[in-house]
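One structure below.
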Amino acid sequence: MPIVVNLDVMLAKRKMSLTELSEKVGIAMANLSILKTGKARAIRFSTLDDICRVLDCQPGDILEYMNEKDFKKLMGK
């Protein structure tokens with residue numbers, strides 16, 4: 001799936017740890033980790049809303065569409 005999750009980038013820009021985001025958003029570390037690594041199959045709008053509120057960003061700052069060719073390059077395939 002050519003959707004890239006840039007949660008780690010936004011966390012770095014905000015100088016925030018995954019643990020801190022987990023506490024502020026009220027989402028389990030395990031679930032945020034799955035999202036951060038791009039292994040999530042879906043995300044609720046309410047979860048995305050909470051993450052964007054805490055990180056003071058737009059959904060497009062976290063989720064990015066990439067064409068198949070570039071996605072495969074990124075993933076090393």
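FYI, it's all coordinate maths here, none of it is from the lab. Because the structure is a prediction, the values reported are computed rather than measured. So basically every Cβ, Gly included, is an ideal-geometry build from the backbone, and we count neighbours across all protein chains shown.
May I ask you to evaluate 6.51 cos²θ - 1.76 cosθ + 1.60, the Karplus curve with θ = phi - 60°, for each residue of the range 37-43 and list the ³J(HN,Hα) values in order in whole Hz, giving x for glycine and proline?
Taking θ as phi minus 60°, the curve returns 7, x, 8, 6, 8, 7, 9 Hz for the range 37-43.
Name the residues whose placed amide hydrogens come within less than 5 Å of the amide hydrogen of Leu63, ignoring near sequence neighbours (fewer than 5 apart) on the same chain.
Hits under the 5 Å cutoff: Asn6.
Using a cut-off of 23 Å between alpha-carbon atoms, which lysines can reach Lys69, once sequence neighbours fewer than 8 places away in the same chain are excluded?
Straight-line reach from Lys69, under 23 Å: Lys36, Lys39, Lys77.
Whole-Hz ³J(HN,Hα) for each residue in the range 26-32, computed from phi via Karplus 6.51 cos²θ - 1.76 cosθ + 1.60 with θ = phi - 60°, x for glycine and proline: what do you get?
x, 10, 4, 3, 4, 5, 5
State whether the chain is rounded, prolate or oblate according to the following rule on the C-alpha gyration tensor (a ≥ b ≥ c being the square roots of its eigenvalues): a/c under 1.5 gives rounded; otherwise a/b larger than b/c gives prolate, and the remaining case gives oblate.
Because a/c hits 1.5 or more and a/b exceeds b/c, the chain counts as prolate.
Give me the net charge for the shell around Leu18: Cβ to Cβ below 15 angstrom, other residues only, Lys and Arg +1, Asp and Glu -1.
Combined, the nearby Lys, Arg, Asp and Glu give +2.
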